[in-house]
Amino acid sequence: MIKLIKIDDWIAPSTTLEEEIFTLSFENMAVLHVPQGYVTSIQSLEENSKLMAMADYLMGEIQDEYRFAVDYFNRGKKEEGRRQKR
């Protein structure tokens, strides 16, 4: 399963950004293009799964590694849910 989130601000992104979720399988040999400006979260749904990634630049050529807590983009959604229940 691959989640994509388009980032609105790389320093302090909104915590309520929408996720696009894709499930890839060896059965259909799908290719997923990730445009610039997105972060990805990748989770294997089966043991011993493999993912091949390709890029248009060499490793270490650009500094594009950003890390966020696993629940970072769900925090704002939880807060919105609490406000709507009141």
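For residues in segment 39-71 being of a type in the set (Asp, Glu) and over 16 Å from ALA12 (Cα atoms), which is surrounded by the most Cβ atoms within 10 Å (Cβ to Cβ)? Full working, then the answer.
Filtering segment 39-71 down to residues of a type in the set (Asp, Glu) leaves 46-47, 56, 61, 64-65, 71.
Of the ones still in play, those that are also over 16 Å from ALA12 (Cα atoms) are 46-47, 56, 61.
Numbers: GLU46: 7, GLU47: 5, ASP56: 6, GLU61: 9.
My answer is GLU61.
For segment 1-57, name all the residues that are among the aromatic types (Phe, Trp, Tyr) and at pLDDT 90 or above.
Filtering segment 1-57 down to residues among the aromatic types (Phe, Trp, Tyr) leaves 10, 22, 26, 38, 57.
Answer for segment 1-57, where residues must be among the aromatic types (Phe, Trp, Tyr) and at pLDDT 90 or above: TRP10, PHE22, TYR38.
Applying the selection to segment 2-19, what residues are among the charged types (D, E, K, R), over 16 Å from ASP71 (Cβ atoms) and surrounded by 12 or more Cβ atoms within 10 Å (Cβ to Cβ)?
We begin by selecting, within segment 2-19, every residue among the charged types (D, E, K, R); these are 3, 6, 8-9, 18-19.
Filter again for over 16 Å from ASP71 (Cβ atoms), leaving 6, 8-9.
LYS6, the sole residue that qualifies.
With (1) modelled with pLDDT under 85; (2) surrounded by 12 or more Cβ atoms within 10 Å (Cβ to Cβ); (3) assigned to a loop (DSSP other than H, G, I, E, B); (4) not aromatic (Phe, Trp, Tyr) as the list, and ASN74 as the residue in question, which single condition is left unmet?
Unmet condition: (3).
The values are calculated or read from the model by the stated rules, or taken from the named source; none is laboratory data. What you see is a predicted model, and the numbers here were worked out from it, not measured in a lab. Virtual Cβ from ideal backbone geometry, glycine too; neighbours counted across all protein chains shown.
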